[in-house]
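Q: I am attaching a structure below and will ask some questions about it afterwards.
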Amino acid sequence: MAQDEAVNESMMEKRRYDFKRALEEIRELKGRGTELVSVYIPPDKQIFDVANYLRGELSQSQNIKSKRTNKAVSGALESILARLKYFKTPPANGLIFFVGEVATVGDQTKQVQYVLEPPEPITTFMYRCDSEFYTEKLWDMLDEKKTFGLLVIDRAEATIGLLKGKRIIPVKNFPSLVPSKHSRGGQSSVRFERLIEIAAHEFFKKVGEVASETFMSESDLLGVIIGGPGATKEFFVKEGYLHHEIQKKIVDTFDTGYTDEYGLKELVEKAKDSLHELDLMREKELMQRLLEEIRKADGGLSTYGEDQVRQALQMGAVDILLLSEGLRKRRVTFQCSCGQAGEVTVDKDEDVKCSRCPGSSPEIIESKDLIDSFYEEAEKVGTTVELLSVDSEEGEMLSKAFGGIAAILRFSTGVM
């Protein structure tokens with residue numbers, strides 16, 4: 001089960017990386033006029049309706065005065081309409097088209113076509129022509145979509161919620177109906193205080209059951225944060241009203257002034273440093289494990305550097321492959337007219353050269369993103385791939401000290 005979760009997490013990271021890489025390429029593209037067409041199609045939008053809309057825009061484009069822009073926009077719309085024929089319905093998260101003529105060398109242009117499935121659902125249909133492709137709304141989708149359980153509670157009220165990425169989702173609000181403290185003395189006061197505590201216990205018990213059920217239904221739940229005014233939240237945690245599995249996931253408690261939906265927002269704001277630290281812990285633990293192995297006299301169960309890691313992968317020896325998100329290189333298979341052939345890794349925009357005849361331009365048989373090539377190798381031997389952000393201290397270390405490529409091994413290979 002844990003292995004399946006690791007595989008799913010790895011696949012999600014890879015999809016997020018592919019989407020980010022495509023957006024980075026698209027953001028750099030410029031048109032000579034309003035010639036770049038962006039179309040966002042939500043998952044619930046009928047393809048037939050989209051096609052009709054774009055046919056209308058195609059008809060309207062004939063009124064564009066500039067012949068060049070007219071031709072470019074018409075060509076982009078015709079290309080999108082041709083692609084739409086392959087879809088009966090949009091994918092689960094919708095569909096995005098970026099098509100248009102971009103500037104190349106001198107006065108030359110070329111048509112580019114991108115068809116993307118976003119990592120999150122698109123909410124509104126959009127058609128836009130501009131000198132740049134419209135990507136602004138898509139960058140937020142690249143944020144890590146971690147799930148945390150939220151609970152704000154006091155003796156009068158409780159609210160349960162979920163934090164998914166940056167989105168706070170209220171789940172249930174409970175007014176407690178627990179009476180306030182009784183101020184009068186005597187035996188009736190003691191009896192009344194006991195009834196108040198019984199009512200409070202039943203309230204906490206009910207909140208704990210619903211919160212536990214809510215949080216346990218989230219397969220990717222990373223932790224639970226609890227807030228509220230006063231000492232009630234600490235009492236609730238100490239007395240174990242949550243399921244023991246959820247109790248283990250409590251990150252911390254925080255003081256908040258409210259216990260309603262606004263209290264959930266207040267709780268997330270108060271806990272942001274703890275949530276950020278928790279998110280970085282996974283990367284920290286992976287890098288600490290790698291460094292512990294490296295420090296061993298024989299290098300332990302570790303290796304780093306592209307050639308060494310690739311060799312260990314081919315031997316089936318890699319347990320966890322660590323890659324920097326900042327890697328921007330290509331793995332190229334080439335054939336030169338002199339007979340020289342092979343595979344080399346080059347920078348993103350670097351030309352491939354033959355070692356035998358440096359002045360020649362070898363034929364490129366295949367060119368793929370370096371991270372993609374490592375994912376393919378890893379998939380063949382059941383290796384887990386971890387993409388580390390360049391924004392964290394650990395990710396920066398992986399990039400600068402190890403060239404962005406390292407591995408924790410299943411067994412020693414003797415390759416250093």
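Q: Name the residue that is modelled with the lowest pLDDT, counting only residues in region 171-198 that are in contact with a Lys or Arg (Cβ under 9 Å, 6 or more places away or on another chain) and in a helix (DSSP H, G or I).
A: Ranking the candidates gives Phe192 first.
Q: So how many residues does region 365-416 have that are assigned to a loop (DSSP other than H, G, I, E, B) and of a type in the set (A, V, I, L, M, F, W, C)?
A: 5
Q: Let me ask you something else. Could you list all residues from region 117-139 that are part of a helix (DSSP H, G or I) and either buried (at least 17 other Cβ atoms within 10 Å of the Cβ) or acidic (Asp, Glu) (or both)?
A: Of everything in region 117-139, those that are part of a helix (DSSP H, G or I) and either buried (at least 17 other Cβ atoms within 10 Å of the Cβ) or acidic (Asp, Glu) (or both) turn out to be Glu136, Leu138.
Q: Could you grab me the full set of residues in region 263-320 that are in contact with a Ser or Thr (Cβ under 7 Å, 6 or more places away or on another chain), assigned to a loop (DSSP other than H, G, I, E, B) and buried (at least 19 other Cβ atoms within 10 Å of the Cβ)?
A: Leu301, Ala317
Q: Could I ask something else about it? Would you confirm whether or not region 210-224 contains a residue that is under 23 Å from the mean Cα position of the chain (by Cα), under 29 Å from Ile408 (Cα atoms) and either in the same structural domain as Ser389 (by TED's automatic domain parsing) or of a type in the set (S, T, N, Q) (or both)?
A: Among the residues of region 210-224, at least one is under 23 Å from the mean Cα position of the chain (by Cα), under 29 Å from Ile408 (Cα atoms) and either in the same structural domain as Ser389 (by TED's automatic domain parsing) or of a type in the set (S, T, N, Q) (or both), which makes the answer yes.
Q: What number of residues in region 213-226 are buried (at least 20 other Cβ atoms within 10 Å of the Cβ) and under 15 Å from Lys172 (Cα atoms)?
A: Qualifying residue count for the region: 2.
Q: Out of Val207, Val251, report the one residue that is touching a helix residue (DSSP H, G or I) at 6+ places or on another chain (Cβ under 6 Å), outside any loop (DSSP other than H, G, I, E, B) and surrounded by 17 or more Cβ atoms within 10 Å (Cβ to Cβ).
A: Val251
Q: Then there is this: Which of the residues spanning region 329-352 are of a type in the set (Ser, Thr, Tyr) and farther than 12 Å from Ser373 by Cα?
A: Ser337
The values are calculated or read from the model by the stated rules, or taken from the named source; none is laboratory data. The shown structure was predicted, so the numbers you read here are calculated from the model rather than taken from an experiment. Heads up, the Cβs are rebuilt from the backbone with ideal geometry, glycines too, and the neighbour counts pull from every protein chain shown.
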